[in-house]
Amino acid sequence: MEVNYPRNNEDKKLEHLFDDSDLNVYDQNVINLGVGAPGPDILVNCCEIFEKATIHRMKKETVNQGMLFQYGPPVGLPEVRSGIANFLTEAYKSEVKSEDIIVTTGATQGMHIILSTLIDLNGYIFVDEVTYMVALETFQQFNTLKIIPVKLNSDGVDIDELRAGLKKNHFKSESKSYWGLYYAIPTYHNPTGIIFSKDILEKLISLAREFDILVACDDVYNTLYYGNNDAQKRLYAYDNLNDEDFKGNVISNGSFSKIIGPGLRFGWLEAPPRCKIILESSGIFNSGGCLNNFTSGIMASLFELKLAQSHAKMVKDLYQERMLATCEILNNHLPKSCKFIEPQGGYFIWIKLPEHVDANDFLRVCLENNKIFFIPGNRFSFDNSFKNCFRISIAFHKKEVMIRAMMQICDELKKYLNL
Ligand SMILES: Cc1ncc(COP(=O)(O)O)c(C=O)c1O
């Protein structure tokens, strides 16, 4: 059959990722609660801090032969890697070693690199039955990988079901370090907002070691905790290298997108020796000489001048305010037949409507009557289930807008359910 290939590139001239779609979060006519990104009041502060950090770094460069503009060290400049490690050690209240850190351009690219370098492409990816929808799309691009959804409980992945899947499918990879991967978001899960319990995290380590898979944690929300407690201990810290049976079965994939700004494209991998050896000798890190040397240099100054730290605190306080105000409305006004678990951090609230209700239909009503948008649950599911759920993000809009929108959603829901 003859194929007619297009002869012109359509050029949409977008201003940002969400331009020209239902998700245009800057559209003043709609309150879009779908997008997981910081809003303009947060991003605008970046102008001042990055101006300071850039001037600071350029002064150094004039006496350093402009070395920053040379190909960089594959895993990143030492000063930025220790800047990241110190920042995280403080935020996590748990040691992060700079020798474990590899600079990336964010978690999306970090995941792509994990898949292309560490995982047998004839192998398996285990995912939560609801998970970050764009990660699912990334996995599907590697079309020889088999994706297996696993039940998600309120305290984390269902360990028995995961074990059964690992047992049934495991094989010995001849070509790559790991035959399989479990993609996890253990802290402030996207879309459900849950955290995995200590018990589940410990069991995950045992399982990962027993079947020798890699658990790749999307740790992009970890530092955004709003309760009285400290940060949740990340899974990477459970894979203790002093254990007798330690092999290196967890990699932490982090990002400054939510803490500073997604346009920065700056993140990190926290990798055990077994992974780091492979990553640092791979073409993707070697050919380019670090994924983003220039940005790394500016970021090193941002850490040194403590501007990253003060910005991150401001951002966290604002998100916390938005999350608490939104949950208060839900606690007081969400119909009793609907449920939500109050998140202790992160961006997202997952609302469950009665089983028979389709959130896609309710969205249509909300858009029509209130001009409010959110993302229906099936968008996060590998097999298009969870239609009775939806996800809202607290990140973009100010507290007052969140309060107004949530009141409208609750009132609309009461009408919709004939209450
Ligand atoms: C779980 C998760 N991982 C990764 C990303 C994207 O992160 P980055 O901007 O670092 O690529 C997001 C953003 O929504 C996310 O929710």
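The values are calculated or read from the model by the stated rules, or taken from the named source; none is laboratory data. Just so it is clear, the model here is predicted, and its values are computed rather than measured. Note that each Cβ is placed from the backbone with ideal geometry, even for glycine, and that neighbours are counted across all protein chains shown. What goes into the accessible areas is simple: the full protein's heavy atoms, side chains included, and nothing from ligands, DNA or RNA. Shrake-Rupley method; radii C 1.70, N 1.55, O 1.52, S 1.80 Å.
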Using Cα springs under 10 Å in a Gaussian network model of the chain, which residue among T144, T223, T62 shows the largest mean-square fluctuation? T62
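Roughly how big is the chain's charge dipole about its Cα centre, with Cβ charges of +1 (Lys, Arg) and -1 (Asp, Glu), in debye to the nearest 20?
Taking the Cα centre of the chain as origin, the dipole is about 300 debye.
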Determine the share of segment 1-137's accessible area contributed by carbon and sulfur atoms, expressed in whole percent, with a 1.4 angstrom probe. 52
Once you list every other residue whose beta carbon is under 15 Å from the beta carbon of N29, what net charge do they have if Lys and Arg are +1 and Asp and Glu are -1? -3
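Is segment 196-322 rounded, prolate or oblate when judged by the Cα gyration tensor, a ≥ b ≥ c being the square roots of its eigenvalues, rounded requiring a/c under 1.5 and prolate requiring a/b larger than b/c? Intermediate results must be reported in sequence, preceding the final value.
On the way: a/c = 2.57, a/b = 1.19, b/c = 2.16.
Since a/c reaches 1.5 but b/c is at least a/b, the shape of segment 196-322 is classed as oblate.
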Could you tell me the accessible area of K146 in Å² (1.4 Å probe, neighbours in place), rounded to the nearest ten? 80
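Just the accessible area per residue of the chain, please: how many Å² with a 1.4 Å probe? Write out the running numbers ahead of the final one.
Numbers: 19240 Å² over 419 residues.
For the chain, the solvent-accessible area averages 46 Å² per residue.
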Span from the segment 61-137 Cα centroid across to the segment 15-39 one, whole angstrom: 27
Across segment 297-311, in residue order, what do the Karplus-derived ³J(HN,Hα) couplings come to in whole Hz, using 6.51 cos²θ - 1.76 cosθ + 1.60 with θ = phi - 60° and x for Gly and Pro? x, 5, 5, 4, 5, 4, 6, 4, 7, 6, 6, 4, 5, 5, 5
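Classify segment 113-218 as rounded, prolate or oblate from the Cα gyration tensor: take a ≥ b ≥ c as the square roots of its eigenvalues, call it rounded if a/c is under 1.5, otherwise prolate when a/b beats b/c and oblate if not.
Values: a/c = 1.86, a/b = 1.29, b/c = 1.45.
In terms of gyration-tensor shape, oblate.
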Multiply the residue separation of V134 and D245 by 0.36 nm, subtract the distance between their alpha-carbon atoms, and state the gained length in nm to one decimal. 36.6 nm
Solvent-accessible surface (1.4 angstrom probe) belonging to M402, in square angstrom, nearest 10: 0
Can you list the HN-Hα couplings for segment 113-130, worked out from phi with the Karplus curve (6.51, -1.76, 1.60; θ = phi - 60°), rounded to whole Hz and with x for Gly and Pro? 5, 4, 5, 7, 9, 10, 10, 5, 6, 9, x, 10, 10, 9, 10, 5, 4, 10
For segment 309-416, the Rg and Dmax computed from alpha carbons only, in angstrom: 14.1, 46
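Once the piece of chain linking V365 and S175 is laid out straight, how much longer is it, given 0.36 nm per residue of separation minus the C-alpha distance between them? Let's see the in-between values first.
Details: separation 190, 0.36 × 190 = 68.40 nm, distance 5.16 nm.
Between V365 and S175, full extension yields 63.2 nm more.
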GNM top mover of V134, V220, V150 - the chain, alpha-carbon springs below 10 Å: V134
Using +1 at the C-beta of Lys and Arg and -1 at the C-beta of Asp and Glu, which of C366, S281, N240 has the Cα lying farthest in the positive direction of the dipole of the chain? C366
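Nearest 500 deg cm²/dmol is fine: what mean residue ellipticity at 222 nm does the chain get from its DSSP H runs of n ≥ 4 alone, each adding -39,500 (n - 2.57), divided by its residue count?
Values: 14 runs with 171 residues, N = 419.
Rounded to the nearest 500, the figure is -12500 deg cm²/dmol.
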Add +1 for every Lys or Arg and -1 for every Asp or Glu among the other residues with Cβ under 14 Å from the Cβ of K233, and state the total. -4
Restricting to bridges with both residues inside segment 64-307, how much of the DSSP beta-bridge set is antiparallel, in percent to the nearest 5? 35
Here is the link list: K97/K316; K97/K176; K233/K276; K316/K399. Which ones come out longer than 19 Å on Cα distance? K97/K316; K97/K176; K233/K276
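Using a 1.4 angstrom probe on heavy atoms only, work out the carbon and sulfur share of the accessible area of segment 224-277 in %.
Its accessible area is 45 percent carbon and sulfur atoms.
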Given springs between every Cα pair under 10 Å in a Gaussian network model of the chain, which of S281, S381, S296 has the largest fluctuation? S281
Apply the Karplus parameterisation 6.51 cos²θ - 1.76 cosθ + 1.60, with θ equal to phi minus 60°, to every residue of segment 343-348 and state each ³J(HN,Hα) to the nearest whole Hz, in sequence, with x for glycine and proline. x, 8, x, x, 10, 10
In straight Cα distance, which aspartates and glutamates are under 16 Å from K60, not counting same-chain residues fewer than 8 positions off? E51, E79, E304
With viscosity set to 1.567 mPa s and temperature to 4 °C, compute the Stokes-Einstein D of the chain, Rh being the Kirkwood radius across alpha carbon pairs; µm²/s, no decimals. 57
What does the charge count around K399 come to, taking other residues whose C-beta lies under 15 Å from its C-beta (Lys +1, Arg +1, Asp -1, Glu -1)? -1
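What's the extension gain from I55 to L324 if we count 0.36 nm per residue and subtract their Cα-Cα distance?
Details: separation 269, 0.36 × 269 = 96.84 nm, distance 3.75 nm.
Result: 93.1 nm gained on full extension.
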How large, in percent, is the carbon and sulfur part of the accessible surface of segment 299-419 at a probe radius of 1.4 Å? 52
